[in-house]
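Some notes on the structure that comes next.
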Amino acid sequence: MPDEPRRPLDVPKAAPVEFEQNFITTAVCELRFPTLLELESRVPEDFQRALRKDYPHYEKGQSALLGLRLSTVQHHQFRSKDKHWTVVMHAFGLSLTSERYTNFEEFFSRFERLLKPAAKVLDTDFFTRLGLRYVNHLPVALGALDGWVNPALIQPLVLGNFGDVDRCWQEVRGRARDSSFSLRHGLGDAENGAPGKYVIDLDFYAENGSWDGLVPALKLLHEQSSDLFRWVVGPRAIEAMGRQTQKGTRR
């Protein structure tokens, strides 16, 4: 008997709006591609020159990889003058990280500007993985969660069924349209409690797509992430983000 098709993520579509502020502490877009061995030892000069104006600070370092065993890879790191934006390139990946996320238009524009110089270096017509991750910290403690997070996720905590817990952390993985996702949420993070913070960690990713399809794929990941975020948070969180302005793209 054939396997039943897996049901995808099913949450309401969120209207494309921009809030006065957000709870995002870290935003990351990561692109993976077929391994290019020369990037293990040196960064292409043309790529560094193209980034120099926006990301003048360069460092060579190591990134930790988690797998069957812990390993490291050499990477090339470029940081903006204010150190709030970071580009990392290694033999099979390129990422953009923001610690001062304002809106998707700015984030997308910066990532899009990386693609042209990267395409010249990588010489590939497809990507192996494209991921978009948003880590949100809601400024709310255990005793005040009601109204901040969808009750479907936190009802036992609100009702006190578990008593006064020290830490609560949950993870959901599944499929969305043309992508996969993980939702990690709870008090603190998976290893450490963080009093006064409720974490919503959203990660959407697509695999094995064409290089020409990067831009629409990234926009779709953002839309899906926005839809899930708006389902996860409650009305008090929406109110705390301030006035909503209708936009062509979301959050």
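Can you tell me which residue among ALA27, ALA64 is at negative phi, among the small types (Gly, Ala, Ser), assigned to a strand (DSSP E or B) and modelled with pLDDT of 95 or more? Show your work before the answer.
Values: ALA64 fails: modelled with pLDDT of 95 or more.
Criteria check complete, one pass: ALA27.
Quick check on my filter: what residues within region 99-130 are assigned to a strand (DSSP E or B) and surrounded by fewer than 21 Cβ atoms within 10 Å (Cβ to Cβ)? First the steps, then the outcome.
So the first thing to find is which residues in region 99-130 are assigned to a strand (DSSP E or B), and the list is 126-130.
Answer for region 99-130, where residues must be assigned to a strand (DSSP E or B) and surrounded by fewer than 21 Cβ atoms within 10 Å (Cβ to Cβ): PHE126, THR128, ARG129.
When you check GLU207 against the structure, is it modelled with pLDDT of 95 or more, more than 27 Å from VAL17 (Cβ to Cβ) and surrounded by 13 or more Cβ atoms within 10 Å (Cβ to Cβ), yes or no?
Values: modelled with pLDDT of 95 or more: yes; more than 27 Å from VAL17 (Cβ to Cβ): yes; surrounded by 13 or more Cβ atoms within 10 Å (Cβ to Cβ): yes.
In short, yes.
Restricted to region 127-149, and to residues that are among the aromatic types (Phe, Trp, Tyr) and at pLDDT 95 or above, which residue is nearest to ARG42 (Cα to Cα)? Before the answer, list the steps.
Here is the first cut: in region 127-149, the residues among the aromatic types (Phe, Trp, Tyr) are 127, 134, 148.
Then keep just the ones that are at pLDDT 95 or above; that gives 127, 134.
Numbers: PHE127: 21, TYR134: 30 Å.
Here the residue is PHE127.
Any idea how many residues of region 43-64 are surrounded by fewer than 13 Cβ atoms within 10 Å (Cβ to Cβ) and under 28 Å from SER210 (Cβ atoms)?
3
Among the residues of region 184-204 satisfying the criterion of being outside any strand (DSSP E or B) and either charged (D, E, K, R) or at pLDDT 95 or above (or both), which is farthest from SER95 (Cα to Cα)? Full working, then the answer.
Keep residues of region 184-204 that are outside any strand (DSSP E or B), which gives 188-197.
With either charged (D, E, K, R) or at pLDDT 95 or above (or both) added as a condition, the list becomes 189, 191, 197.
Working: ASP189: 22, GLU191: 24, LYS197: 26 Å.
In this case the residue turns out to be LYS197.
Is it true that VAL11 is hydrophobic (A, V, I, L, M, F, W, C), assigned to a loop (DSSP other than H, G, I, E, B) and more than 22 Å from the chain's Cα centre (by Cα)? Before you say what the answer is, go through the steps one by one.
Details: hydrophobic (A, V, I, L, M, F, W, C): yes; assigned to a loop (DSSP other than H, G, I, E, B): yes; more than 22 Å from the chain's Cα centre (by Cα): no.
When the stated conditions are applied, VAL11 does not pass them.
So how many residues does region 152-167 have that are surrounded by fewer than 14 Cβ atoms within 10 Å (Cβ to Cβ) and either assigned to a helix (DSSP H, G or I) or hydroxyl-bearing (Ser, Thr, Tyr) (or both)? So that I can check it myself, show each step before the final result.
Our first condition is that a residue be surrounded by fewer than 14 Cβ atoms within 10 Å (Cβ to Cβ); within region 152-167, this holds for 152, 155-156, 159-164, 166.
Right, trim to either assigned to a helix (DSSP H, G or I) or hydroxyl-bearing (Ser, Thr, Tyr) (or both) and you get 152, 155-156, 159.
Here the count works out to 4.
If I filter region 72-87 for residues that are farther than 23 Å from LEU220 by Cα, touching a helix residue (DSSP H, G or I) at 6+ places or on another chain (Cβ under 6 Å) and either assigned to a strand (DSSP E or B) or among the charged types (D, E, K, R) (or both), do I get at least one hit?
yes
Select from region 67-98 the residues that are modelled with pLDDT under 95 and hydroxyl-bearing (Ser, Thr, Tyr) and list them in ascending order.
Correct list: SER71, THR72.
Residue by residue through region 37-61, note down the ones that are modelled with pLDDT of 90 or more, not in a helix (DSSP H, G or I) and not acidic (Asp, Glu).
ARG52, LYS53, TYR55, PRO56, HIS57, TYR58
Name, by its number, the condition in (1) out of contact with any strand residue (DSSP E or B) (no Cβ under 6 Å at 6 or more places or on another chain); (2) modelled with pLDDT under 95; (3) not in a loop (DSSP other than H, G, I, E, B) that does not hold for GLN170.
(1)
The values are calculated or read from the model by the stated rules, or taken from the named source; none is laboratory data. Please read these numbers as outputs of a predicted model, since none were measured by experiment. Cβ sites come from the backbone with ideal geometry, for glycine too, and all protein chains shown count toward neighbours.
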